[in-house]
1. Take the chain, connect every pair of alpha-carbon atoms lying under 10 Å apart with a spring to form a Gaussian network, then pick out the residue of Ile56, Ile104, Ile77 with the largest mean-square fluctuation.
2. Measuring from the lowest to the highest alpha carbon on each principal axis, how far does the chain reach, largest first, in angstroms?
3. Return the single residue from Phe36, Phe57, Phe100 with maximal mean-square fluctuation; model: Gaussian network over the chain, springs between Cα atoms under 10 Å.
4. Between Lys96 and Ser32, what's the calculated FRET efficiency when r is the beta-carbon distance and R0 is 25 Å? Round to 0.05.
5. Taking the Cα centre of the chain as origin and charging only Cβ (+1 Lys, Arg; -1 Asp, Glu), how large is the dipole, in debye to the nearest 20?
6. Mean residue ellipticity at 222 nm from the helices of the chain, using -39,500 (n - 2.57) per DSSP H segment of n ≥ 4 over the full residue count, to the nearest 500 deg cm²/dmol?
7. If the chain between Lys16 and Glu121 were fully stretched, how many nm would it gain, using 0.36 nm times the residue separation less the Cα-Cα distance?
8. Number of Lys-Lys pairs in region 20-118 under 21 Å by Cα, sequence gap 8 or more or different chains?
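Coordinate-derived values only; no laboratory data. Computed from a prediction, not measured in an experiment: that's the story for all the values here. Positions of Cβ are generated from backbone atoms using ideal geometry, with glycine treated the same way; all protein chains shown enter the neighbour counts.
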Amino acid sequence: MTAPNEFRIVSIDDDKIQHILLKKRVLLIDSSAQVFPFEEPTSAMDFLGSNKTDLIFLDLNFPGISGWDLLQKLKEITDAPVVVLTGNISREEQEKISEFPQAIRLLEKPISNDHLSEIFEFLKS
């Protein structure tokens, strides 16, 4: 059982380094947070279907599947807010993100400590 203020965060990214960086930064801001990293979108979807999650970080670029398709599928299995991450934000991505109300931010990787702090403030409100 998790403590009342313990955030459960899922990271979906095919890059292990991004998981390590994100977890370190999250724990600096909130040492009680739990970060569940997934390199395989299918495993993440299975986890999300049966586990309460407060926030999802989703990379847009995966081999064989679009992050946009994953975002669409996430909408069907969870109402957790999603922070969409990409290596370089294009104009098309900025426009497309508005089609997904569950996506609360579109950010470039690696996520900055300032952006992460803002996201945690959003979660706490």
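1. Ile77
2. Cα extents, longest axis first: 38, 31, 28 Å.
3. Comparing Phe36, Phe57, Phe100 in a Gaussian network model of the chain, the most mobile one is Phe100.
4. Efficiency computed from Cβ-Cβ geometry: 0.15.
5. On the way: 13 positive and 21 negative charges, 60 e Å.
It comes to approximately 280 debye.
6. Calculated at 222 nm, the ellipticity per residue is -12500 deg cm²/dmol.
7. Using 0.36 nm per residue and subtracting the Cα-Cα distance, I get 35.2 nm.
8. 8
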